[in-house]
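K.L.:
Let me begin by handing over the structure; questions about it come next.
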Amino acid sequence: MYDEKVLEEYINHPKCIAVGECGLDYFRLPEDEEEKKANIAKQKEVFIAQIEFAKKVNKPLIVHVREASNDSKQILIDYDTKQVGGVLHCYNASEHLLPLAEHNFYFGIGGVLTFKNAKKLIEVLPKIPKDKLIIETDGPYLTPHPFRGKRNEPYYTVFVADKMAELLEMTREEIDNLTTKNAIKLFKEFSSLS
Ligand SMILES: [Zn+2]
């Protein structure tokens with residue numbers, strides 16, 4: 001059950017820098033057609049409510065997208081999220097979402113980039129505008145290679161940074177500076193952090 005009162009209770013805490021994670025997940029939908037429709041409608045309704053809330057409190061969104069790229073993109077554009085922007089967390093490598101870079105969305109890259117089967121993400125990575133790249137953990141899940149399967153911790157993000165440097169033909173230092181700068185920009189510009 002979505003209850004905005006719960007969000008209101010925490011939103012002004014100094015450590016609260018964003019709204020989320022929220023978004024659409026069509027990976028596990030009910031099989032029954034009617035139930036499926038109702039589930040999708042409810043997900044959209046709650047997502048839109050959280051978008052409006054983020055805009056009201058002027059904080060960026062942390063957005064989860066799983067097998068719902070079209071609807072997610074449509075909603076983020078239709079509801080004019082540019083003023084707050086946000087992160088497409090664990091970016092799913094859908095090229096369909098790339099235009100969201102122009103709407104102030106950053107692309108959260110995690111451990112998946114280091115996986116042997118990460119073909120799609122490896123291919124799409126250079127197409128993400130550099131000023132929209134962010135590194136994330138998604139701990140305790142998606143632990144980078146060579147620690148895949150272990151509990152994920154923020155200190156493993158160095159493996160993501162190494163892989164990103166290799167793929168973008170940049171130095172590790174350049175990746176560190178770039179992704180740090182991007183994160184600070186997003187979370188400072190649209191939040192009360194100072
Ligand atoms: Zn998620």
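K.L.:
So which residues in the range 144-156 are buried (at least 21 other Cβ atoms within 10 Å of the Cβ) and part of a helix (DSSP H, G or I), if there are any at all? Don't jump to the end; show me each part of the working.
P.N.:
Kept after step one, since they are buried (at least 21 other Cβ atoms within 10 Å of the Cβ), are these residues of the range 144-156: 144, 156.
Hit for the range 144-156 is TYR156, nothing else.
K.L.:
Return the residues of the range 171-188 that are open to solvent by less than 100 Å² (accessible area, probe 1.4 Å) and among the acidic types (Asp, Glu); say none if nothing qualifies. Working first, answer last.
P.N.:
Looking only at the range 171-188, we keep the residues that are open to solvent by less than 100 Å² (accessible area, probe 1.4 Å), and these are 171-172, 174-180, 182-184, 186-187.
If the condition is that a residue be open to solvent by less than 100 Å² (accessible area, probe 1.4 Å) and among the acidic types (Asp, Glu), then GLU174, ASP176 are the ones that fit.
K.L.:
Working only within the range 121-143, note down all residues that are open to solvent by 50 Å² or more (accessible area, probe 1.4 Å) and not in a loop (DSSP other than H, G, I, E, B).
P.N.:
Once the filter is applied, which keeps residues that are open to solvent by 50 Å² or more (accessible area, probe 1.4 Å) and not in a loop (DSSP other than H, G, I, E, B), the range 121-143 yields ILE122, GLU123, PRO126, LYS127, LYS130, ASP131.
K.L.:
Which number in (1) modelled with pLDDT of 95 or more; (2) within 14 Å of the chain's Cα centre (by Cα); (3) within 16 Å of the ligand (Cβ to nearest atom) marks the one condition that GLY85 misses?
P.N.:
Every condition holds for GLY85 apart from (3).
K.L.:
OK, next. For the range 49-71, which residues satisfy the criterion of being in contact (Cβ under 8 Å) with a residue 40 or more places away in the chain and under 12 Å from LEU88 (Cβ atoms)?
P.N.:
PRO60, LEU61, ILE62, VAL63, HIS64, VAL65, ARG66, ALA68
K.L.:
Another question about this same structure. Could you list all residues from the range 13-39 that are touching a residue at least 24 places away in the same chain (Cβ under 8 Å) and more than 16 Å from the ligand (Cβ to nearest atom)? I'd like the intermediate steps shown before the answer.
P.N.:
Taking the range 13-39 and keeping what is touching a residue at least 24 places away in the same chain (Cβ under 8 Å), we get 14, 16-27.
Listed by number, the residues that qualify are PRO14, CYS16, ILE17.
K.L.:
OK, next. Tell me which helices (runs of 4 or more DSSP H) are completely within the range 1-120 and hold 2 or more residues being of a type in the set (Asp, Glu) and surrounded by fewer than 16 Cβ atoms within 10 Å (Cβ to Cβ), or say none if there are none.
P.N.:
On the way: elements: 4-10, 33-57, 69-78.
By residue number, 4-10, 33-57.
The values are calculated or read from the model by the stated rules, or taken from the named source; none is laboratory data. What you see is a predicted model; the values in this text were computed from it and never measured. Every residue, glycine among them, receives a Cβ derived from its backbone with ideal geometry; neighbour counts consider all protein chains shown. Calculation scope for accessible area: heavy atoms of the full protein, side chains included, ligands and nucleic acids excluded. Shrake-Rupley method; radii C 1.70, N 1.55, O 1.52, S 1.80 Å.
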